[in-house]
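Structure first, commentary second.
The values are calculated or read from the model by the stated rules, or taken from the named source; none is laboratory data. All values reported here derive from a predicted model rather than from experimental measurement. Counting neighbours? That spans all protein chains shown, and the Cβs are built from the backbone with ideal geometry, glycine included. Surface accessibility is based on the protein's heavy atoms, side chains included, excluding ligands, DNA and RNA. Shrake-Rupley method; radii C 1.70, N 1.55, O 1.52, S 1.80 Å.
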Amino acid sequence: MVGLVVSMAAGTAIAVLFWWSSYASKVLEPYMVVLNALPKVALGPIFYIWLGDRYSIYGMAVAISIIVTIMMIEAGFREIGKTKLKVMESFGATKLQMLRMVLLPASVPNLIAALKVNVGLTLVGVIMGEFLSSKAGLGYLIIYGGQVFQMDMVMVSIAMLAVLSILLYGIVTVIGRFAMKRNHLEG
């Protein structure tokens with residue numbers, strides 16, 4: 001949950017920065033493409049050294065999902081009709097007012113879609129982090145069970161991951177329906 005919340009909050013903030021400043025978007029966009037292409041598992045040892053064995057799991061969860069969040073939300077910002085923003089600008093609205101009154105409410109479907117994608121990605125990040133540095137958790141049980149040939153331990157861990165992902169996806173779906181109705185985006 002921590003990785004999911006941090007990646008969504010930081011990813012949304014960076015996407016807003018890219019919308020706010022075209023200069024920042026032009027300068028940082030190539031780095032986003034490179035980071036997206038980089039296998040995040042390769043960052044595991046670096047996170048382990050920088051963050052320690054416990055926090056490296058959070059680092060992996062965030063690293064795997066934040067780039068996708070930034071790209072999805074930034075693409076959603078671009079889809080929003082420029083005419084709405086021009087009308088607000090013609091009435092003297094500031095960028096902050098346009099962000100708060102038009103951009104973020106109209107981006108609710110994209111935020112929910114990014115959240116749904118990040119449920120799976122964050123779980124992958126947590127499991128990868130546990131593969132590399134944990135002494136407990138489902139990722140640890142999968143690795144340990146495979147090493148001692150206890151496939152029942154591996155299968156139960158995978159089944160628990162599946163149940164957890166279904167539960168998290170269901171929670172995100174309920175939150176998404178509520179947010180869509182609240183912003184009058186659903187009929």
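Points to keep in mind about this one:
- Flag for residue 163 being without any contact (Cβ under 8 Å) to a residue 60 or more places away in the chain, aliphatic (A, V, I, L, M) and over 29 Å from residue 41 (Cβ atoms): no
- In region 56-114, of all residues being free of Cβ contacts under 8 Å to residues at least 12 places away in the same chain and surrounded by 15 or more Cβ atoms within 10 Å (Cβ to Cβ), the one that is nearest to the chain's Cα centre (by Cα) corresponds to 104.
- Against the criterion of being touching a residue at least 12 places away in the same chain (Cβ under 8 Å) and open to solvent by less than 80 Å² (accessible area, probe 1.4 Å), residue 179 qualifies.
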